[in-house]
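Take a look at the structure set out below.
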Amino acid sequence: MHKRLEIELPDRFDWQNFLACLRKSFSVSARTHPECLVEFLDTFDWRFFKASICFTRIGTKYELSDIYTGKHIAEFLWRRKKPYRSAAEIIPENLKTKLSKIQGPRAVIRIAELKCKTSSANIINEDGKTIAHISKEQLFLPQDDDGNEKALKNILLLYPIKGYTDEFKIIKKTLDAYGLPAPISAEPLIITALGAIKVVPCKYSSRIRTPLKAELSIQEAAVMLCRDMVKVMTSNEKGIIEDIDIEFLHDYRVTIRRTRALLTQLKGVFSPDKGDAFKQRFGALGKMTNHMRDYDVLLSYREKYQKMLPPVISQGLKPFFQSIVKQRRKEYLKISKYLQSNEYHELISDWSKFLKNVHETEPTQHSEDNVVEFTSKRILKRYHRIVKIAEVIDENTPYDEVHALRIECKKLRYMLEFFAPLYDKNLSDPIARLKKLQTLLGDFNDLCVQSDALSDKIKCLAPKGTKSLHTAAALGGLIALLSIDREEIRYKFKTAISDFICEDNLLYFQNMFAGKMESDP
Amino acid sequence: MRIVAVYNIKGGVGKTTTAANLSYHAALHNYSTLLLDLDPQGAVSYYFRVKPHKKFSSEKFLKGKKIQKFIRGSDYENLDVLPSDLSYRHMELLLSGKKRSRRQLRRILMPVKNEYDLIVLDCPPNITIVAENIFRASDLILIPVIPTTLSMLTYSSLKKFFKDNELNSNHLKPFFSMVEKRKKMHSDIIQKSIEKTPDVFCNTHIPYNSSVEKMGIHREPVHCFAPRTSGARAFTKLWKEVELIL
């Protein structure tokens with residue numbers, strides 16, 4: 001398909017008259033389409049847009065197409081009462097794979113909508129072959145609260161067809177003779193819709209990308225980072241309250257953890273009493289969400305668990321997951337209520353006020369230290385601590401010690417990510433090395449947490465009854481299988497750890513950070 | 001890019017209707033598809049109402065450099081057509097004067113390899129140098145076979161040709177075409193071939209169906225004007241089998 005072209009139409013434009021002009025050179029088959037509402041869908045973090053895919057819904061029809069070329073990618077009909085949200089709900093396997101590849105565990109939500117009044121025509125040659133397609137589009141923003149529609153654009157779209165350039169020249173001449181301006185590349189409809197409601201695509205990211213500068217003090221930098229993290233937290237609140245998908249809570253929890261990690265790492269940057277108090281309050285908030293996250297993770301493994309077990313045993317998982325759904329619901333209601341409570345709003349408002357006014361308070365031990373000097377020292381210290389813990393880890397190390405290494409790695413990762421803009425060289429290399437080790441530790445931890453959760457459930461089962469027996473058998477089977485996977489990961493620890501604490505990496509960290517330290521913070 | 005040829009030594013076995021309908025289904029399933037009409041009769045181009053560009057000829061085709069210029073969009077999304085020209089009747093002669101005359105087609109198609117997921121070749125009958133080019137260029141050669149003694153014999157000749165010329169006979173995939181259930185001979189031959197050589201022929205049989213014949217009147221793939229007929233359903237099924245092989 002050739003690129004679409006667009007012409008802004010004057011108010012006096014008469015479609016029928018224009019078609020009559022075209023009919024002097026070609027046959028024209030025209031039709032008027034019923035007025036339709038086009039909804040544009042995407043995940044909260046714009047996964048479709050980032051993949052250059054426009055996801056639309058018109059009534060029961062959902063369609064994926066390329067944003068810039070308009071090329072059709074896939075479509076499906078959805079006749080259920082609730083609109084389509086998650087790839088797991090789709091039945092045809094190829095479509096399910098296609099959608100889940102893009103949206104992962106995220107749900108799609110409406111990001112914009114447009115009302116379209118369309119009249120179209122095919123321009124046909126003497127063989128009955130369509131040589132171009134044109135359409136007149138009147139685009140509106142749907143009714144606002146006062147019941148008014150806002151007219152956005154009145155355009156003529158031209159769709160040339162490959163191999164018919166000579167014929168298209170004649171069409172262009174007709175347009176010219178009709179007094180219309182020269183066509184330009186058409187703006188994608190989704191861009192028009194987002195522009196009309198002043199939404200900037202891809203603005204949300206759970207990653208903190210604060211543009212820090214080397215001349216800042218550590219306190220100024222910390223305030224900027226914390227403010228950005230408040231933005232991420234608050235932007236996820238609505239998604240948690242409306243229970244749109246599990247990633248809202250995940251991003252929210254990660255941001256709390258990052259905030260707490262920053263407060264821990266930057267001892268002496270804020271006044272100890274204030275800093276510790278907020279750390280505790282955020283700690284309590286994070287803890288409140290632990291169970292719901294654990295249930296989310298367990299539920300996301302539902303299909304995987306079913307497949308891991310033979311059908312005879314896997315039946316026992318049904319009551320298990322039913323009870324998890326109920327428990328999750330309870331936790332969700334608790335969190336949702338808390339996020340709308342005065343207590344929570346007070347925490348966010350206190351924290352925001354503190355960040356706003358902190359520069360007016362008495363300087364603390366390190367508040368005025370240079371950000372680069374301070375963070376370099378801390379990052380290097382973290383790295384050495386990891387080396388110390390990691391050196392003694394082998395396939396027999398108890399879970400708690402492995403967990404301690406995982407936490408240290410997380411702290412280092414956060415520091416590297418927060419302060420990456422301060423370093424001349426790209427920090428992606430040490431981050432990538434760390435990520436490799438973290439993935440392994442994370443997988444190991446996930447398996448431990450899952451096994452623990454399943455073991456806890458077995459303890460809670462009724463001591464009698466067929467149902468309990470089936471569930472115990474299924475959970476027992478899963479625990480056994482998970483422990484095999486866990487031990488397999490353990491054997492990979494040694495290589496990943498030695499890659500991270502090797503001489504080369506040590507030198508890398510020394511070169512990158514030791515030179516930037518002038519005095520001990 | 002995968003190349004699928006629809007070929008048979010015999011004429012009138014349903015090559016063109018198969019090429020037209022399979023291309024349409026591939027495009028419908030989001031394969032960016034080019035239908036290449038290699039038959040000077042230009043029947044498949046006629047089905048899609050596409051005429052060749054005035055400046056197009058077999059010489060230009062064999063040069064290959066600018067074939068994109070002559071490709072035309074069909075009335076269906078994802079489906080383009082490179083129509084044939086009457087001058088293709090001289091293709092044999094032109095090819096014979098070239099070096100590596102049996103390996104020209106793949107070279108000609110190189111410039112469009114990134115543009116299409118699938119190229120479907122509607123081939124002329126007979127074993128000629130053009131046919132040998134097709135054999136060497138294609139990843140899959142679909143052979144419509146009418147369940148008659150003569151058709152089966154022609155299919156055997158083709159297999160022998162592949163063996164004698166050290167061509168990859170794994171690329172050959174026959175299917176029964178223009179099948180008339182009421183004819184005992186058709187059923188017997190199909191039954192015998194299933195028993196004798198299971199898994200060789202496609203499971204789908206294309207029936208002898210008036211709706212398929214009417215493609216010449218409608219100038220559209222059968223699915224567009226008679227989607228519920230047995231002919232249309234058979235092509236949908238055949239495409240699914242081909243997609244699995246690809």
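Things worth noting here:
- Restricting the first member to the stretch A:200-211 and to residues that are over 10 Å from A:E417 (Cα atoms), and the second to residues that are at pLDDT below 90, the beta-carbon pairs closer than 7 Å and six or more apart or on different chains are A:P211/A:P421.
- The one condition from (1) buried (at least 19 other Cβ atoms within 10 Å of the Cβ); (2) assigned to a helix (DSSP H, G or I) that A:K274 does not meet is (1).
- Pairs meeting the criteria (first residue in the stretch A:139-164 and within 14 Å of chain B (Cβ to nearest Cβ) and of a type in the set (G, A, S), second residue part of a loop (DSSP other than H, G, I, E, B) and surrounded by 11 or more Cβ atoms within 10 Å (Cβ to Cβ), beta carbons under 6 Å, at least 6 apart or on different chains) are A:G163/B:I71.
- Among the helices (runs of 4 or more DSSP H) confined to the stretch A:301-383, the ones with at least 1 residues that are aliphatic (A, V, I, L, M) and surrounded by fewer than 17 Cβ atoms within 10 Å (Cβ to Cβ) are located at A:311-314, A:317-339, A:342-357.
- Qualifying residue in the stretch B:62-70 (condition: within 14 Å of another protein chain (Cβ to nearest Cβ), in contact with a strand residue (DSSP E or B) (Cβ under 8 Å, 6 or more places away or on another chain), surrounded by fewer than 24 Cβ atoms within 10 Å (Cβ to Cβ) and touching a residue at least 40 places away in the same chain (Cβ under 8 Å)): yes
Residue-wise test of (1) assigned by TED's automatic domain parsing to the domain that holds A:I190; (2) in contact with a His (Cβ under 7 Å, 6 or more places away or on another chain); (3) outside any loop (DSSP other than H, G, I, E, B); (4) within 23 Å of A:N17 (Cα to Cα).
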{"residue": "A:T118", "(1), (2), (3), (4)": "yes, yes, yes, yes"}
{"residue": "A:L139", "(1), (2), (3), (4)": "yes, no, yes, yes"}
{"residue": "A:N148", "(1), (2), (3), (4)": "yes, no, no, no"}
{"residue": "A:Y159", "(1), (2), (3), (4)": "yes, yes, yes, yes"}
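- Matching residues in the stretch B:42-61 - criterion: being modelled with pLDDT under 90 and either assigned to a loop (DSSP other than H, G, I, E, B) or at the interface with chain A (Cβ under 8 Å from one of its Cβ atoms) (or both): B:H53, B:K54, B:K55, B:F56, B:S57
Yes/no matrix, rows are residues, columns are (1) within 14 Å of chain B (Cβ to nearest Cβ); (2) out of contact with any Cys (no Cβ under 8 Å at 6 or more places or on another chain); (3) within 30 Å of A:G163 (Cα to Cα); (4) assigned to a strand (DSSP E or B):
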{"site": "A:R57", "(1), (2), (3), (4)": "no, yes, no, yes"}
{"site": "A:L95", "(1), (2), (3), (4)": "yes, yes, no, no"}
{"site": "A:K98", "(1), (2), (3), (4)": "yes, yes, no, no"}
{"site": "A:A112", "(1), (2), (3), (4)": "no, yes, no, yes"}
{"site": "A:A132", "(1), (2), (3), (4)": "yes, yes, yes, yes"}
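- For the stretch A:65-85, filtered to residues that are at the interface with chain B (Cβ under 10 Å from one of its Cβ atoms) and in a loop (DSSP other than H, G, I, E, B), the residue that is nearest to B:G73 (Cα to Cα) is A:K71.
- Entry remark, the stretch B:12-41: residues being away from chain A (no Cβ under 11 Å) and either closer than 27 Å to B:T148 by Cβ or assigned to a helix (DSSP H, G or I) (or both) number 20 in total.
- Looking across the stretch A:277-292 at every residue that is touching a Phe, Trp or Tyr at 6+ places or on another chain (Cβ under 8 Å) and of a type in the set (A, V, I, L, M), the one that is surrounded by the fewest Cβ atoms within 10 Å (Cβ to Cβ) is identified as A:M288.
- Qualifying residue in the stretch A:442-451 (condition: crowded, with 20+ Cβ neighbours inside 10 Å, of a type outside the set (D, E, K, R) and not assigned by TED's automatic domain parsing to the domain that holds A:M512): no
- Of the residues making up the stretch B:215-236, those that are surrounded by fewer than 16 Cβ atoms within 10 Å (Cβ to Cβ) and basic (K, R) number 1.
- Within the stretch A:228-266, the set of residues being of a type in the set (D, E, K, R) and free of Cβ contacts under 8 Å to residues at least 40 places away in the same chain comprises A:D228, A:K231, A:K238, A:E242, A:R260.
- Listed by first and then second residue, the pairs with beta-carbon distance under 7 Å, at least 6 apart or on different chains, first residue in the stretch B:154-178 and free of Cβ contacts under 8 Å to residues at least 60 places away in the same chain, second surrounded by 12 or more Cβ atoms within 10 Å (Cβ to Cβ) and acidic (D, E), are B:H171/B:D139.
The values are calculated or read from the model by the stated rules, or taken from the named source; none is laboratory data. All values derive from a computational prediction rather than experimental measurement. We place every Cβ from the backbone using ideal geometry, glycine too, and count neighbours over all the protein chains shown.
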